[in-house]
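The values are calculated or read from the model by the stated rules, or taken from the named source; none is laboratory data. All figures in this text were calculated on a predicted structure; none of them were measured in a lab. Don't worry about glycine lacking a Cβ; one is built from the backbone with ideal geometry, like all the others, and counts go over all protein chains shown.
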């Protein structure tokens, strides 16, 4: 697992330094609700089931010159709290495609992979040398791999101003593991993200 973490951390650092002088980049800030449910088909639960809050930020770099079909690379970091299950700290690079239906409105889809650190919010019992079991601290933690599929839309508040912020809404499916090898090796967590993108344009 350490090798997985180091590999993705290295990929993220390379991406950041490779793009730090990009002409067009932006900063995204979102709030999210996170629900454990089936990937994609469980999206409706995000609107009526429990609320499990999260905060995410990403630094984004545009990788092509087309205005209608845009390719972006992002470095993402965030945290979410799921009561009775975990607090998750996630960091990952992602690629995203945006299709602009108009100058202001776009649809987007993306893929990412990286690292999630899970702080457990439940009791874990470990077998002791004498044959019994001892309870570990409720705040024990462990590293996890993370895969992300995301889709959504964005709306530029002022289509004629290159520095105008955009509103975004996205649905994510996050796959993490190994979670519980015996019966839930990969845990799917769906997320609804609502937020804003601030262009960072060089003068």
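Is it the case that residue 6 is modelled with pLDDT under 95, surrounded by 12 or more Cβ atoms within 10 Å (Cβ to Cβ) and either farther than 24 Å from residue 156 by Cβ or touching a helix residue (DSSP H, G or I) at 6+ places or on another chain (Cβ under 9 Å) (or both)? The answer is no for residue 6. Restricting attention to region 45-68 and to residues that are assigned to a loop (DSSP other than H, G, I, E, B) and touching a strand residue (DSSP E or B) at 6+ places or on another chain (Cβ under 8 Å), the residue that is farthest from residue 195 (Cα to Cα) turns out to be 64.
Checking the stated criteria, residue 167 turns out not to satisfy the condition of being touching a residue at least 60 places away in the same chain (Cβ under 8 Å), assigned to a strand (DSSP E or B) and surrounded by fewer than 19 Cβ atoms within 10 Å (Cβ to Cβ). What tally of residues in region 179-203 results from selecting those that are under 13 Å from residue 37 (Cβ atoms) and either modelled with pLDDT under 75 or loosely packed, with under 13 Cβ neighbours inside 10 Å (or both)? So the count comes out to 1. All of (1) part of a strand (DSSP E or B); (2) over 22 Å from residue 201 (Cβ atoms); (3) at pLDDT below 90 hold for residue 25 with one exception: (2).
Figure legend. Inter-residue proximity from region 45-57: first residues without any contact (Cβ under 8 Å) to a residue 40 or more places away in the chain, second residues exposed (fewer than 13 other Cβ atoms within 10 Å of the Cβ) and assigned to a loop (DSSP other than H, G, I, E, B), beta-carbon distance below 9 Å, spacing 6+ or different chains. Indicated pairs: 50/83; 52/83.
Which of the residues belonging to region 95-122 are more than 16 Å from the chain's Cα centre (by Cα) and under 19 Å from residue 75 (Cα atoms)? Spell out the reasoning first.
First pass over region 95-122, keeping only residues more than 16 Å from the chain's Cα centre (by Cα): 98-107, 119-122.
Once the filter is applied, which keeps residues that are more than 16 Å from the chain's Cα centre (by Cα) and under 19 Å from residue 75 (Cα atoms), region 95-122 yields only 98.
Could you please find all residues in region 99-113 being surrounded by 15 or more Cβ atoms within 10 Å (Cβ to Cβ) and either within 20 Å of residue 40 (Cβ to Cβ) or out of contact with any strand residue (DSSP E or B) (no Cβ under 9 Å at 6 or more places or on another chain) (or both)? Those that are surrounded by 15 or more Cβ atoms within 10 Å (Cβ to Cβ) and either within 20 Å of residue 40 (Cβ to Cβ) or out of contact with any strand residue (DSSP E or B) (no Cβ under 9 Å at 6 or more places or on another chain) (or both): 108, 110, 112, 113. Of the residues making up region 127-146, none is at pLDDT 85 or above, part of a strand (DSSP E or B) and within 21 Å of residue 101 (Cβ to Cβ).
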